[in-house]
Every structure is written in C-alpha cells, then in structure tokens.
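Asks: Provided herewith is a single structure, encoded as structure tokens, for subsequent inquiry.
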Amino acid sequence: MKRRRRWNQGYFFIFPAFLVLGVMVLYPLIDTVVLSVTDENGSYIGSRNFVQMLTSRTTSLATYNSIYYVGGSIILELILGTVAGILLDRHFVGRGIVRSIMLIPWVVPGIVAATTWAWMYHFEFGIINYGLQSLHVISGPVGWLTSAELVKPSLIVVEVWKMFPFVALMVLAALQGIPASLYEAARIDGATFYHEVRYIMLPHLFGILASVSLLLLIWGLNGITIIYAMTGGGPANRSLILPIQIFKEGFESFDFNRAAALSLVLFIVLFAVIVIQVSISQRRYGATNE
C-alpha cells in the first residue's frame, strides 16, 4: 500500500513537467503534421505540399547549401576545437587568461557576431578588404558576401569562429579526466607529445567528439541568425539553407502549409541521421572499451 502511494506521489510530482512538455513540444508537432497535409482553407490534400516542396529547385539548392555549410563548419570546428583544446591543456604562463579570451566568440550573441562580421566583410569599408589590399594580397575590394563563389566559405568562417571555442571547451574538459598515470607511463616508455596525442588523448576524446558533433549538427540545421542577418540567403539563394527557406515560406510568403511540410521532412531526416550516428558511436565506443 505504501509503495503504491509513493508511486502515485511520483506521478503527481512529474505531471507538471509532462504537461509543459506536451504543450511546448507535442502540440506544435501535431499541429505541424496537420498543416503539412492541408491547404490554406484547412482541406485535406494529402502529400501535395510535400511533393511541391521536394520537387522545387529552391529546395534542391537549399539542401546542397545546407550540406556544404553545416558539413564544412562541423569539420573545421572539430579540427580547430580539438587542436585548441589540446594546446590549452598544456601548462604555460597565462593559460587561464588565454582560456577566458578564447571563449569570447562563443558567448557573443549571434546577431552581434553577424553584424560585426558583415561590417568586416563590407565591400568598401570592410577591414578585411583594407588589410588584404594593404598587404597587396588582393588588387581591389572583394565582395565576400555578394559573390556566388565566396559567400558560403565566408559564412563558414564566421560560424567556425563562433563555435570552435565550444568544441575546445568540451575537449579541454574531457582531457582533464584522463589519469595522469597514463602520461607518466607513456613518458617512461619514451613517448613524445605526438604519441601522447595519438595514443592517449584522441582515443579518450572519441566519445565527447561524437556528442559534440551531434550538437553542432542540430544547432547548424536549426540556426539561421548568422546567415539571415548577413545575407538573408542571397545572393540569388547561394547561401539559402533549409531553415531559412522554411522561415521565408512561412513568414514572408505566408504559406505555412508548405513550410510545415518542409520542416517535417527536415525533422525526419535529422532524426534519422542522429539515430544512425548515435548507434555507430555506441558500437565503436563499446568496441573500444572491450
């Protein structure tokens, strides 16, 4: 009887959390599904919205841009963040100050970072063009955000600058958990810093890097602040990614039904990628532990 009473009390205490979760997550998801299979009058039209969005040339371009932007950003963020985290784990004078300074890009609000970099990339008054011309690297100003070939790499630079400190912080935290005895044993055997990185640090970092890459993937496919504030998806949709396309369909063209259909497709694809990556990571991590 007492166990049943305690069980009922447990349900009572977690009910508010489930209520908030249902209102904030479950209801919008169900409403999105309903919108995706109806028209503006609320009439059921089946998969018409999905077919229109998936066969659109704009969607194809936005998909390519999303893979290019998010994939390129994640690869560079993981590389730079891992290198920075390993270096910051070393002992040197002023290490605490350097660690604090490194976090500045990550804590700066996205809109502030986007506005600052937009001015730095400015065709006429940007400091980047001024500096490169002063060093005679370029003969004239470059349209970093107006060139179809340069806009995506330029945006990746901003995204990497902002997010690689987060990766470095996670790597640094993981390195703190490696027992010092492993390094001591390796040094007794004549291991160099390179051997410590390859055979001690990197194997211990696999789990945290897999988790961080998932977070970066989710944030990258949901974040529109930097691109929307700097280019709005231009020029000629060359920096348009799927989240911005969904935003424009819903809040600029006011076609919420097609926007819901595309957002649902993006949700399913992202969920499938996450499930596959988590399963692969668990298998590799389990094999490593064995």
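The values are calculated or read from the model by the stated rules, or taken from the named source; none is laboratory data. Given the structure is predicted, the values throughout are model-derived calculations rather than measurements. Counting neighbours? That spans all protein chains shown, and the Cβs are built from the backbone with ideal geometry, glycine included.
Asks: Residue 55: surrounded by 11 or more Cβ atoms within 10 Å (Cβ to Cβ) and of a type outside the set (A, V, I, L, M), yes or no?
Replies: On the way: surrounded by 11 or more Cβ atoms within 10 Å (Cβ to Cβ): no; of a type outside the set (A, V, I, L, M): yes.
In short, no.
Asks: Among the residues of the stretch 246-261, are any on the phi > 0 side of the Ramachandran plot, free of Cβ contacts under 8 Å to residues at least 24 places away in the same chain and more than 19 Å from the chain's Cα centre (by Cα)?
Replies: At the first step, the residues of the stretch 246-261 found to be on the phi > 0 side of the Ramachandran plot are 254.
Keeping just the survivors that are free of Cβ contacts under 8 Å to residues at least 24 places away in the same chain gives 254.
Filter once more, keeping what is more than 19 Å from the chain's Cα centre (by Cα): 254.
For the stretch 246-261, residues on the phi > 0 side of the Ramachandran plot, free of Cβ contacts under 8 Å to residues at least 24 places away in the same chain and more than 19 Å from the chain's Cα centre (by Cα): present.
Asks: Please find, among 142, 70, 137, the residue that is outside any helix (DSSP H, G or I), touching a residue at least 12 places away in the same chain (Cβ under 8 Å) and among the β-branched types (Val, Ile, Thr). Give the steps one after another, and end with the answer.
Replies: Details: 70 fails: outside any helix (DSSP H, G or I); 137 fails: touching a residue at least 12 places away in the same chain (Cβ under 8 Å).
Only one candidate passes the filter, namely 142.
Asks: May I pose another question? With the structure loaded, tell me whether residue 100 is in a helix (DSSP H, G or I) and small (Gly, Ala, Ser) or whether it fails that test. Write out each step before concluding.
Replies: Details: in a helix (DSSP H, G or I): yes; small (Gly, Ala, Ser): yes.
Yes, satisfied.
Asks: Here's a check for you: in the stretch 110-132, which residue that is surrounded by fewer than 16 Cβ atoms within 10 Å (Cβ to Cβ) and touching a residue at least 12 places away in the same chain (Cβ under 8 Å) is nearest to the chain's Cα centre (by Cα)?
Replies: The extreme case among them is 111.
Asks: Which count do you get for residues in the stretch 133-188 that are closer than 27 Å to residue 96 by Cβ, exposed (fewer than 14 other Cβ atoms within 10 Å of the Cβ) and not charged (D, E, K, R)?
Replies: Here the count works out to 6.
Asks: Considering only the stretch 190-233, give the helices (runs of 4 or more DSSP H) lying wholly within it that have at least 1 residues that are surrounded by 20 or more Cβ atoms within 10 Å (Cβ to Cβ) and touching a Gly at 6+ places or on another chain (Cβ under 8 Å).
Replies: Working: elements: 193-196, 202-220, 225-230.
Correct list: 202-220, 225-230.
Asks: Looking at residue 43, is it on the phi < 0 side of the Ramachandran plot, surrounded by 11 or more Cβ atoms within 10 Å (Cβ to Cβ), among the hydroxyl-bearing types (Ser, Thr, Tyr) and modelled with pLDDT of 80 or more?
Replies: no
Asks: Taking the stretch 87-109, which residues are touching a residue at least 12 places away in the same chain (Cβ under 8 Å) and out of contact with any helix residue (DSSP H, G or I) (no Cβ under 6 Å at 6 or more places or on another chain)? If you could, list the steps in order and put the result at the bottom.
Replies: Start the filter on the stretch 87-109 by keeping residues that are touching a residue at least 12 places away in the same chain (Cβ under 8 Å), which leaves 88-89, 99, 102-106, 108.
Correct list: 104, 108.
Asks: Being modelled with pLDDT of 90 or more and under 30 Å from residue 126 (Cα atoms), is that true of even one residue in the stretch 259-271?
Replies: No, the stretch 259-271 has no match at all.
Asks: So which of 173, 185 is modelled with pLDDT under 90, in a helix (DSSP H, G or I), out of contact with any helix residue (DSSP H, G or I) (no Cβ under 7 Å at 6 or more places or on another chain) and hydrophobic (A, V, I, L, M, F, W, C)?
Replies: Numbers: 173 fails: modelled with pLDDT under 90.
After ruling out the rest, the residue left standing is 185.
Asks: Which of the residues belonging to the stretch 113-133 are among the hydrophobic types (A, V, I, L, M, F, W, C) and assigned to a helix (DSSP H, G or I)? Write out each step before concluding.
Replies: Looking only at the stretch 113-133, we keep the residues that are among the hydrophobic types (A, V, I, L, M, F, W, C), and these are 113-114, 117-120, 123, 125, 127-128, 132.
Result: 113, 114, 117, 118, 119, 120, 127, 128, 132.
Asks: Related question: Do you know which of the residues in the stretch 206-245 that are closer than 19 Å to residue 55 by Cα and of a type in the set (A, V, I, L, M) is farthest from the chain's Cα centre (by Cα)?
Replies: The residue in question is 236.
Asks: Let me ask something else. Restricting attention to the stretch 175-230, report how many residues are among the aliphatic types (A, V, I, L, M) and closer than 30 Å to residue 246 by Cβ.
Replies: Taking the stretch 175-230 as the starting set, the residues that turn out to be among the aliphatic types (A, V, I, L, M) are 175, 178, 180, 182, 185-186, 188, 191, 197, 200-202, 205, 208-210, 212, 214-218, 221, 224, 226-227, 229-230.
Next cut, closer than 30 Å to residue 246 by Cβ only: 209-210, 212, 214-218, 221, 224, 226-227, 229-230.
Total satisfying the criteria: 14.
Asks: Among the candidates 58, 63, 82, which residue alone is touching a residue at least 40 places away in the same chain (Cβ under 8 Å), more than 30 Å from residue 166 (Cα to Cα), of a type in the set (Ser, Thr, Tyr) and assigned to a helix (DSSP H, G or I)?
Replies: On the way: 63 fails: more than 30 Å from residue 166 (Cα to Cα); 82 fails: more than 30 Å from residue 166 (Cα to Cα).
One residue alone meets the criteria, 58.
Asks: Okay, moving on. Can you tell me which residues in the stretch 18-40 are surrounded by 16 or more Cβ atoms within 10 Å (Cβ to Cβ) and either within 24 Å of the chain's Cα centre (by Cα) or on the phi > 0 side of the Ramachandran plot (or both)? So that I can check it myself, show each step before the final result.
Replies: Here is the first cut: in the stretch 18-40, the residues surrounded by 16 or more Cβ atoms within 10 Å (Cβ to Cβ) are 32, 35-38.
Residue satisfying the conditions is 32 alone.
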